[in-house]
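Colleague: If you scroll down you'll find the structure; I have some questions about it.
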Amino acid sequence: MSNSPADSHSDPASRVLPFMILLFVGSGCAALMYEIVWLQMLQLVIGSSAVSLGVLLATFMGGMCWGSLTWPRLVAEGRHPLKVYAVLEAGIGVIGLLVLMALPLAGNVYASIASLGFTGVTLRAVVAAVCLLPPTFMMGATLPVIARWVETTPRGISWLGFFYAGNIVGAVLGCLLAGFYLLRVHDMAFATYCAAGLNFVVAAAAYALALYSPNRAAGAQAPRDERARAPLAWAVYVTLALSGLCALSAEVIWTRLLSLMLGGTVYTFSLILGVFLAGLGIGSGVGSLIAQVSRRPRVVLGWCQLLQAAAVAWAAGALARVLPFWPIDVYLSSDSSIGFQMDLVRCAYAVLPSALLWGASFPLALASLAAPGQDPGRLVGGAYAANTVGAIAGSLAGGLVLVPGIGTQHAQQFLIGLTVISALLAFGSHWSIQAGSRAIGAAAGAVGAVVAAIWLVGTVPAIPGSLVAYGRELMLYDLEGSETLYIGEGLNATVGVTEQDSVVKFHVAGKVEASTLPEDMRLQRMLGHLPALFHPNPKSVLIVGFGAGVTAGCFVNYPGIERIVICEIEPLIPQFVGPHFSAQNYDIVNDPRVEIVYDDARHYILTSNETFDIITSDPIHPWVKGAASLYTTDYFELVKERLNPGGFVTQWVPFYQSDEAVVKSELATFFEAFPGGTIWGNDFGGVGYDVVMLGQKEPTVLDAEAINDRIVSQGYSRVQQSLLDVGFGSVLDIFSLYAGRDEDLRGFLADAEINRDRNLRLQYLAGLQISSNAGSAMYAPMLGLRRFPADIFGGSDLVVENLRRVMNLPE
């Protein structure tokens, strides 16, 4: 900043400008920490489906838009901007703490109302509005308030751009600090305290600067002209709105594609957001410098948008043709920091060019809108509001309309078209203001831009099916003979089905989620058959996650089952994936006893009053962002409330792509909610592959003799065949899966971290071990701790003795 023309000012008011940038760095850092924490906490209340996330993002950004547009009209211009800014920052800190305390109450109220059947978008929006609008209204007001410290001159506008850039730089710091440290090591409450503390520090610093500096807004500047307005300002506002729409839509699309190839961990999302924000911040700084010297800011803004179309095409090509096929072996090192470095490079390669140009657009638009004597607060407020309205539309359209409606390829083509339109608006408004003698050149330029857009649209490739199928492990697979049976881009996930060597695989989020491989079929059947056989007379079942439908399909074979509820967040999976596994899932989708609920399973369990004899859960791998909410003690307590007396719950735990700390956390968390719980092993070649946890509210007693009688009875012939298909020929085969209980593992799990709603520790632990298979090594030591559970395994003395002999376990 030492070379800035503003240094020529000798008055204290000008000398504090660089320090004000630091204030915005702190403010932006706190704001992103809040955003990450609040969205994470509120998704536990209103659900984590695409619709719920859209409601949360729209509310968060809507509050900022409201504040930026309204605050300059509410606060008299004569008030000291730094003092007002200090009040806003302190207010954000106070409200941030209040939101932390009020969210549990809001969750309880929401659950009570939703349990009456009111679970629509309106109720979710009301909860989001109550929690998010007050603080975000104040966040949105900070830039317009401080804008009154400068004048609507090129130099003043450049400082506004620097403030905006500083705010984004702070947002990058907050994103990385929260995602990689505060939430990984501590919890959401601690992160909130840090954010609030930062607000209070910024407020104190701003107030101190206010005492040092005279109030420039009180008369040191020229009188304001309320009617001052740049000609054809509407065109610039529309350009800004289209820029915001394209930026947020592209971020949604590229985040989905990048999470396929990098792995959808919390760290991946933090990296993507960090790179995107860093590009916006750097671009804003460069745009501010250009705006300070440019005499034709609308022309520069138009070129910025036109180049943006090329940058979108670049990102589309990089994400579909280049990055997925970099020869990277993700298992060469289990050091997560090495993986993060490569992920950072890939994110920057695809996203950074576009982010730089979008960042430059805002200060260039401010320069295009500025008029002598105009209130800078209203100038910034209007521009920020226009950009944010576009961003809200983009975030909703990208995730809820464009991707599920026309797919990522056509969505990116659509964005290129919109970006060229925004460029033509910027150019056109400039040409209209200038002399008509340039009309021929303007028309030629417009035609050239349209031709360029058509060419760029044609370069956007389709998403490769192999990326959808294998994601980050793509280069490790030999795909010879592999056939893609289905690819679908849904509201919540991108899914696929492939077949190779007669093995059918279901893919979601760039990983194999289910298959007809023997080890996978055994696990899927275990999740269904274990609780169904152990329960003396099950009638109702809830399955969390459809998968390939194999687990749910187990229950159609039981003659006493009357109701099967399947909770699946992505509608494409039962509709289009399930039929590819109809032989293995017994055509579960068309069974008359089945109801499929398209919702986040946790949200369904929270808001439903129905109880079940069996609840079985096969969620996606815990390193996937959001999946850890289905492994918390709080979730298991909700599940317990939905169990009928004598009911069973089963939960999948993978040993691969994990380490000992991750597996221990999953087991210890389950046992805390279900004391007396047991685990049942699904090894692969004698090595730990995955296990099934089984729990009840009451002490578990399993009568092997009664179970055997049911299996061999006439009505259970289909059950018997289903068991034989995966290698279970007798009740002894089933009981031989027993791998231990909570009291056997108490010492072994003593150092385990418990996964709770307030910390979601598991997703941070598991996200670091995505390239590790060290968890498999702990299976043998666990088995060595087993003791024969004489109080659990019941039946006649002869049956119990046979079990003891076959299992060869000490008491």
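Colleague: Normalized C-alpha radius of gyration of segment 643-786, against 2.2 N^0.38 Å?
Modeller: Working: Rg = 16.4 Å, N = 144, 2.2 N^0.38 = 14.5 Å.
Its radius of gyration relative to the 2.2 N^0.38 Å reference: 1.13.
Colleague: A follow-up question, please. Roughly speaking, what % of Cα-Cα pairs in segment 612-688 are separated by over 19 Å, rounded to a whole number?
Modeller: Cα-Cα pairs of segment 612-688 separated by over 19 Å account for 35 percent.
Colleague: Moving on. Show which lysines lie in cross-link reach of residue 539 when reach means a straight Cα distance below 18 angstrom and same-chain residues fewer than eight apart are skipped.
Modeller: Correct list for residue 539: 640, 697.
Colleague: What figure in square angstrom, to the nearest 10, would you give for the accessible area of residue 340 with a 1.4 Å probe?
Modeller: Here the residue's solvent-accessible area equals roughly 40 Å².
Colleague: Quickly estimate the mean residue ellipticity at 222 nm for the chain, helices only: each DSSP H run with n ≥ 4 gives -39500 (n - 2.57), and the total goes over all residues, rounded to 500.
Modeller: Here the helix-only value at 222 nm equals -19000 deg cm²/dmol.
Colleague: Also, quick follow-up: Using the heavy atoms of the protein chains and a 1.4 angstrom probe, tell me the accessible area per residue for the chain in square angstrom.
Modeller: 36
Colleague: State, as an integer percentage, the relative contact order of segment 442-576 based on alpha-carbon contacts under 8 Å between residues 6 or more apart. Present the calculation step by step, with values, prior to reporting the outcome.
Modeller: On the way: 186 pairs, mean separation 24.1, N = 135.
The value is 18 percent.
Colleague: OK, next. Which order do the peptides 505-512, 475-482, 314-321 take when ranked by the mean count of other beta-carbon atoms within 10 Å per residue, highest first?
Modeller: On the way: 505-512: 24.5, 475-482: 11.6, 314-321: 20.9.
Most protected by this proxy first, the peptides run 505-512, 314-321, 475-482.
Colleague: Okay, moving on. Helix 154-177 versus the longest principal axis of the chain: what is the Cα-based angle in degrees, 0 to 90, to the nearest 10?
Modeller: Around 20 degrees separate the two axes.
Colleague: Stick to the Cα atoms of segment 705-784, pair each with every other, and give me the Kirkwood hydrodynamic radius in Å at one decimal. Could you put the intermediate results ahead of the total?
Modeller: Values: mean 1/r = 0.0613 Å⁻¹.
It is 16.3 Å.
Colleague: Next question, about the same structure. Three principal axis extents, largest first, for the C-alpha atoms of segment 28-79, in Å?
Modeller: 45, 22, 14
Colleague: I'd like the accessible area for residue 529: 1.4 Å probe, protein heavy atoms, all chains in place, Å² to the nearest 10.
Modeller: So the heavy atoms of residue 529 present about 10 Å² to solvent.
Colleague: Remind me, relative contact order of segment 531-659 in percent, using alpha carbon pairs under 8 angstrom and six or more residues apart?
Modeller: Dividing the mean separation by the residue count of segment 531-659 yields 28 percent.
Colleague: If you fit an axis through the alpha-carbon atoms of helix 266-293 and take the longest principal axis of the Cα set of the chain, what angle between them do you get, 0 to 90°, nearest 10?
Modeller: Rounded to the nearest ten degrees, it is 10.
Colleague: If contacts are Cα pairs under 8 angstrom and at least 6 residues apart, what is the relative contact order of the chain in percent? It would help to have the intermediate numbers written out before the result.
Modeller: Working: 1573 pairs, mean separation 110.3, N = 811.
In percent, rounded to a whole number, it is 14.
Colleague: Let me ask something else about it. What is the projected area of the convex hull of the Cα atoms of segment 79-155, averaged over all directions, in nm²?
Modeller: Value for segment 79-155: 6.8 nm².
Colleague: Rounded, prolate or oblate: pick one for segment 518-661, where a ≥ b ≥ c are the square roots of the eigenvalues of its C-alpha gyration tensor, a/c under 1.5 means rounded, and failing that, prolate if a/b is larger than b/c, else oblate.
Modeller: Because its axes are fairly even, with a/c under 1.5, segment 518-661 counts as rounded.
Colleague: Using a 7 Å offset from the Cα along the Cα-to-Cβ direction at both residue 118 and residue 562, what is the distance between the two label points in nm, to one decimal?
Modeller: 3.1
Colleague: Hey, what angle do you get for helix 233-262 against the long axis of the chain, alpha-carbon based, 0 to 90 degrees rounded to 10?
Modeller: Taking the Cα atoms of the chain, the angle to 233-262 is about 30 degrees.
Colleague: Just how far, in whole angstrom, is segment 324-389 from segment 546-600 if you go by their alpha carbon centroids?
Modeller: If you average the Cα positions of each part, the centres end up 42 Å apart.
The values are calculated or read from the model by the stated rules, or taken from the named source; none is laboratory data. For clarity, every value in this text was computed on a predicted model and none was experimentally measured. With ideal geometry, Cβ positions are generated from the backbone for all residues, glycine too; neighbour counts draw on all protein chains shown. The protein model used for the area step is the full one, side chains on, heavy atoms only, and it has no ligands, DNA or RNA in it. Shrake-Rupley method; radii C 1.70, N 1.55, O 1.52, S 1.80 Å.
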